[in-house]
Amino acid sequence: MLKKSALLLGVALAAFLLGRLSVTEQTHGTATPAAGTSESQTSSYPSRPPAESAVAQAYRQKRSDLPVQGEGRIIKSLPDDTRGSRHQRLLIAMPDGQSVLIVHNIDLAPRLLDPQQGEPIAFKGEYVWNAKGGLVHWTHHDPAGRHPGGWLEYRGKTYQ
């Protein structure tokens, strides 16, 4: 009976202490004090690995036609695809190292002006799996209103 009481007391104490901490997901894994606590009342926790992005998850599962949103850095601006609707093509590196091809319809949305290697870019669109890392298209509005619209964000401007 004494062991059970000590265990319950330990669980209650841990719950109380955890409730007084606000742990931030920083790469260095430190806790920050919650309101009403002092720095001396906090402790250090190991950081959790970053959550797997929707793009990484879709790639790993070989899934397509999934809505995704993310960000990365431009690796290279490729020549436009001019077969059918014209598309601007950008190869980007995701934070986890995966590369993905952005295929942006420039018949429906404005072209990104002078995309530069290494610069950040954010996107919302539809992921299509391929062995090279996949591609994201539908990074524009749908003039017919039947498909969820997407966008690209580059140098503080939204392209949709």
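Taken over the range 74-112, the criterion of being touching a Lys or Arg at 6+ places or on another chain (Cβ under 8 Å), in a loop (DSSP other than H, G, I, E, B) and among the aliphatic types (A, V, I, L, M) is satisfied by 106 alone. Among the residues examined, residue 70 qualifies as under 15 Å from residue 56 (Cβ atoms) and within 18 Å of the chain's Cα centre (by Cα).
Got at least one residue in the range 73-84 being of a type in the set (D, E, K, R) and under 18 Å from the mean Cα position of the chain (by Cα)? Lay out the reasoning, then the answer.
Keep residues of the range 73-84 that are of a type in the set (D, E, K, R), which gives 73, 76, 80-81, 83.
Now drop any that are not under 18 Å from the mean Cα position of the chain (by Cα), which leaves 73.
Taking every residue of the range 73-84 in turn, at least one turns out to be of a type in the set (D, E, K, R) and under 18 Å from the mean Cα position of the chain (by Cα).
Regarding residue 68, is this residue touching a residue at least 60 places away in the same chain (Cβ under 8 Å), more than 15 Å from residue 154 (Cβ to Cβ) and part of a strand (DSSP E or B)? Yes, satisfied.
FYI, it's all coordinate maths here, none of it is from the lab. Since this is a predicted model, take the numbers as computed values, not measurements. Note: ideal-geometry Cβ built from the backbone for every residue, glycine included; neighbour counts use all protein chains shown.
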